[in-house]
Structure formats: C-alpha cells, structure tokens
1. Pairwise over distinct Cα atoms, reciprocal of the mean inverse distance: report the Kirkwood radius of region 90-207 in Å, one decimal place.
2. I'm spelling it out carefully: the read-out is Cα extents along the principal axes in Å, the candidates are (1) 53, 41, 26; (2) 80, 40, 38; (3) 53, 48, 28, and one was derived from this structure. Which label?
3. How charged is the neighbourhood of residue 92? Take every other residue with its Cβ under 15 Å from the Cβ of residue 92, and add Lys/Arg as +1 and Asp/Glu as -1.
4. Which one, 81, 164, 58, has the greatest fluctuation when you compute a Gaussian network model over the chain with C-alpha springs under 10 angstrom?
5. Please list the non-local residues whose amide H lies under 5 Å from the amide H of residue 93, H modeled 1.01 Å from N, same-chain partners needing a gap of 5 or more.
6. Measure off 7 Å from each Cα along the Cα-to-Cβ vector at residue 137 and residue 88, then give the distance between these two points in nanometres to one decimal.
7. To the nearest Å, what is the center-to-center distance of region 120-171 and region 39-91, using C-alpha atoms only?
8. Below 8 Å between Cα atoms, with a sequence gap of 6+, how large is the relative contact order for the chain in percent?
Amino acid sequence: MMKKLKLTSLFFLLFYSFSCSPQSIEEGEKRLEVIVENQVFKVWYNEVYEQPIKLIYTSTNRVKNVDRGSMNFYTESDYHTSDNADYYKNVWDKGHLAPAATYSDSYENLKQTFSYLNCALQNQYLNRGEWRLLEEQERDWDDEQNLTVTVELVFDEGHEILPTDAHVPTDMIKHIFFENDKVWKCFEFENIKPEKGWEEHEVVHAH
C-alpha cells in the first residue's frame, strides 16, 4: 500500500511539474494574435509575422522632458517579435507606430516606445519622409485637442517575407480621431518610397 501511494505521489508530482513548467509543449508556439496594453499603447501583435497588426495610442499636448539619445529597440521575453537582424543592411527602418517624440514627456514613456511590439518593418523613405511629417502634424493638431490614433498594417497576399522570417507589410493606414470635434482623418500609405505628400494620402473610411 505504501509503495502504491509513493508511486501515485510521484506520478502526480511529475504531471504537475510538466504542466506548470515553462518547458511545457506550448512553449515556443507562435500566436497569430496576442493583445498587449501598457501606459503608452495597445497593440494586436502577430508573432508568426513578427509584426504588429494594429496599434492604438493617444496624441496629447505633452511637454517634452527627455531626449531619445542612444536609446535602442529591445525585445520582450514574453513575446516573439522582430529583432535587430530583420532590419540589418536592407531598406527597412525600425518604424515606430506610437511615435517616440509624442511620448518624450518621461523616460518611462519614451523607453516604452522602443519595444519591438511598437516596431514595424517600414520603408526607410516613408519612415523618414511623409510618415514622419504626418506625425509632426499630429503634434500640431494635439495642441488644440486630444487625438486617438489607430495604426493598421496590411499584408496583401504574396507580401515579402525576409530570410529572417519577418513579414513585410504592404500598406500602413492611420485612423486619427479628433476627440473634441468627433471627426476622423484617415491616411493610407503603401510601404514604399512616397511619390506625393502626406496630405494626398488622405482617404475616406466609414467609422
């Protein structure tokens, strides 16, 4: 009887250890969607694509208190994201979705924008050109009223997949809600070098 009890206890201990261990069968499985929310943004992330699918942030008239300096993007242990290798020696920038400059009111907020959860494979000319200029315009608009900004990434059939397995979005869309006026401005960009100004990317979406 004692021997049977010991074997039963041993079996229970092994089963409990296996089911609760970080080495369980679910470890390493990439999720098609995981939702993460922090003090800066809410993101719907696709770990298979290693890219955000949608991200929401607020643009308000925050006072700039800190500079980005040599701050770099970082991975997070609980999520499978892109990393530095995906952006090495190619045309793809580490594109912030929630802009660093919008969250320069504190070190904590600014650092949060450098999570790879907030990073997209973005054409360097788009990131440094019309996308950046639209972000600057948001900071002008938020002097008058708060904005809620939703960024969507589109992956058309046949989109590019890098040798590192990260997927490149084909289009990037911004839905900007003006909280006082209760109106939307929406902008669609192909993830290529822009050939026209950000104003000409404005489109009408039903909301």
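1. Its Kirkwood hydrodynamic radius stands at 15.1 Å.
2. Comparing each candidate, only (2) matches the computed number.
3. Every neighbour counted, the sum reads -4.
4. Ranking 81, 164, 58 by mean-square fluctuation puts 164 first.
5. 122, 123, 124
6. Going by the 7 Å Cα→Cβ label model, 3.7 nm.
7. Their Cα centres are 11 Å away from one another.
8. Reported as a whole number, the value is 18 percent.
Coordinate-derived values only; no laboratory data. None of these values were measured; they are calculated from a predicted model. Here Cβ is always computed from backbone atoms with ideal geometry, including for glycine, and neighbour counts include all displayed protein chains.
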